[in-house]
Every structure is written in C-alpha cells, then in structure tokens.
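Derivation of every value follows stated rules applied to the coordinates shown; laboratory data play no part. Predicted model only: the values in this text are computed from it and were never measured. Don't worry about glycine lacking a Cβ; one is built from the backbone with ideal geometry, like all the others, and counts go over all protein chains shown.
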Amino acid sequence: MADLWVASWSAILPDIDFTARRAWLLARFETVPQLVVAKDGAGCILGFALYDATSGWLDQIAVALDALGGGVAHRLMTSVKSACPNGVRLDVNVDNPRAVAFYLREGFRQTGEGTNPSSGLRTLSMQWTR
C-alpha cells in the first residue's frame, strides 16, 4: 500500500518527494484507527483509505494510477461515509483539482482554507454530512 501511495501521489504532485515521506505514511497506518482497501477480482490492491470513524476524519485516500477513473475512489468513499455517521471531514491540496472535483461530486462542501504543514501548499477544508 505504501508503494501505491508513493506512486499515485508522486504522479499527482511531482514536485514533492513522496518517497521521502514513506516512513510518515507507515506511521499513519499505526495511528489512524480504520483502513478500508479496494481490491480487484485477483486480490490486487487498487486503493485504500485511512480514516477515523469516531472523529469522521479522512486522513488518506490513494488509488493506483492504472485504476484512476474506474470508480475505486467512489467505492472507498462510500465505505468511509457508511462508517462515519456524523459526517466526514478532510483537507485537500488546492493544487490537486482532480481530487477537489471528486470530493465536490461526492457531496462535500468547502468549509475553510489552510496550509499543509509538510509541503506548505494551500489546502481546502471540506466536509460531507448526511
């Protein structure tokens, strides 16, 4: 999953060294309580989401490059929404218009703006509620 995350994020934001952030992601797997994984018929991982159902915080979502546009992110988001009865919150990089458009299609609304503490990039805070 870490390889999938590095590859997908490196393609989306190539100016950031996601390989150097791999250890950070591995630590997230230890601290973020819930994980949902999407697999194909052969059991290969197509994507995953890390989230906290109690707080409704979506920490990470990643989809394999060859699975983009195939509904994997929607399947992951459906699972996260189901597990978070009080809604889902997240931050998304402004420089990731594909993700921003995806979240808007999924019914999220912008609730604020900020800065990613690791990259310094501008972010949007977004929220989905039932």
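Looking at the stretch 15-32 only, could you name the residues that are touching a residue at least 24 places away in the same chain (Cβ under 8 Å), within 16 Å of the chain's Cα centre (by Cα) and surrounded by 13 or more Cβ atoms within 10 Å (Cβ to Cβ)?
If the condition is that a residue be touching a residue at least 24 places away in the same chain (Cβ under 8 Å), within 16 Å of the chain's Cα centre (by Cα) and surrounded by 13 or more Cβ atoms within 10 Å (Cβ to Cβ), then ARG21, LEU25, ARG28, PHE29, VAL32 are the ones that fit.
Any idea which of (1) more than 19 Å from ASP40 (Cβ to Cβ); (2) without any contact (Cβ under 8 Å) to a residue 60 or more places away in the chain is the one ARG98 doesn't satisfy?
All conditions are met except number (2).
Under 6 Å by Cβ, and 6 or more places apart or on different chains, what pairs join a residue from the stretch 65-91 that is at positive phi with one that is surrounded by 19 or more Cβ atoms within 10 Å (Cβ to Cβ)?
Listed by first residue and then by second, the contacts come to GLY87/GLY56; GLY87/TRP128.
Which condition does VAL36 not pass, out of (1) part of a strand (DSSP E or B); (2) among the hydrophobic types (A, V, I, L, M, F, W, C); (3) within 22 Å of SER119 (Cβ to Cβ), if it passes all the others?
Checking VAL36 against (1) part of a strand (DSSP E or B); (2) among the hydrophobic types (A, V, I, L, M, F, W, C); (3) within 22 Å of SER119 (Cβ to Cβ), the one that fails is (3).
Which of the residues spanning the stretch 92-128 are in a strand (DSSP E or B), surrounded by 18 or more Cβ atoms within 10 Å (Cβ to Cβ) and not aliphatic (A, V, I, L, M)?
ASN93, THR123, TRP128
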